[in-house]
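What follows is one structure encoded as structure tokens, with my remarks underneath.
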Amino acid sequence: MRAAARGRATPLLPAAAAVIFGSGLATLPTAAVVEADLPYQELGWPVSQVPGHANRLVACRLGAGGVRVLLLNGRPHAYEGWSDRELRVPMDALAAWGVRRVLLTNACGALAADVAPGTALVVDEVVDLVSAPHDDAPRLAATKGDRAKRCVAALAPHVTARVGRYVAVAGPQFETLAEVAWLRRLGDVVGMSTAPEVRAGLANGQSLCVLALVVNRAGAALGHEHVLAAAGELNGALAAAFPSLLAAAWPRAFAAVG
């Protein structure tokens, strides 16, 4: 696949944080004011062909303080043929622009018996089966320490939430019941993204918060259309929670919008 250029310069700076949306999850935070809307092609970024990924960068301002946030509506996936270097282009571009805080979201399947569809998991650790598909796969620190607990508290008025572990697989097929039994030993939820971005963010020294939205029970997915529909049902709660979620993740930067 053609290599994507690293992101070109953008006038949409400075930005306090960026949000990367997973399948069907792109939403505009409540009371946000949009400043710009750019297609990924103009930035030289990889463009996903997966439905539910709009491939657009939206710059908006939140709250009375007018804090700028960049919303990345969609992401490329390893199963589409993008290389590791290409998958990290958006994260590297954000780092080059000085965006040090990144909230990563994804739509995922529940592995743990006590995690139901409609739950939000603040991910403290990502098990990276994309780069190493075996028992001793790398475990990547995601939402660290007290930040994860604060984010759960911020989400609680809007959606059932707890801290958990996300298992990243290569996809693109959904898991069989036999695979689910094995994966359950590694984490609470499973999905096909996020690990490349977490790897890039850790290498770049970016502050991360990872939010996994459970849209089905692993091993019982009805197809990508069902994933998009279930993710769409969570968008209202996600939009309402964003101001308090960002303030919980990074209190100093978002004190004016929490």
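Quick notes on this structure:
- Contact map, the stretch 201-214: first residue closer than 30 Å to A116 by Cβ, second residue outside any loop (DSSP other than H, G, I, E, B) and of a type in the set (K, R), Cβ cut-off under 7 Å, separation 6 or more or different chains; pairs are S207/R101; C209/R147.
- Criterion violated by S131 - all others in (1) touching a strand residue (DSSP E or B) at 6+ places or on another chain (Cβ under 6 Å); (2) assigned to a loop (DSSP other than H, G, I, E, B); (3) farther than 30 Å from L13 by Cβ satisfied: (1)
- Selection status of W97, aromatic (F, W, Y), touching a residue at least 60 places away in the same chain (Cβ under 8 Å) and buried (at least 19 other Cβ atoms within 10 Å of the Cβ): no
- Some residue of the stretch 79-89 being hydrophobic (A, V, I, L, M, F, W, C) and free of Cβ contacts under 8 Å to residues at least 60 places away in the same chain: no
- Residue tally, condition at pLDDT 95 or above and touching a Gly at 6+ places or on another chain (Cβ under 6 Å), over the stretch 69-91: 1
- Where helices (runs of 4 or more DSSP H) fall entirely within the stretch 31-121, those with at least 3 residues that are touching a Phe, Trp or Tyr at 6+ places or on another chain (Cβ under 9 Å) are at 89-96.
- Filter result for D146 (of a type in the set (D, E), out of contact with any helix residue (DSSP H, G or I) (no Cβ under 9 Å at 6 or more places or on another chain) and under 19 Å from V198 (Cα atoms)): yes
- Of the criteria (1) modelled with pLDDT of 90 or more; (2) on the phi < 0 side of the Ramachandran plot; (3) surrounded by 19 or more Cβ atoms within 10 Å (Cβ to Cβ), which one N55 fails: (2)
- Condition check for T30 on (1) surrounded by 19 or more Cβ atoms within 10 Å (Cβ to Cβ); (2) over 13 Å from F254 (Cβ atoms); (3) touching a helix residue (DSSP H, G or I) at 6+ places or on another chain (Cβ under 6 Å): one failure, at (1).
The values are calculated or read from the model by the stated rules, or taken from the named source; none is laboratory data. Fair warning: this is a prediction, and the values are worked out from it, not measured in the lab. Backbone-built Cβ (ideal geometry, glycine too); neighbour counts: all protein chains shown.
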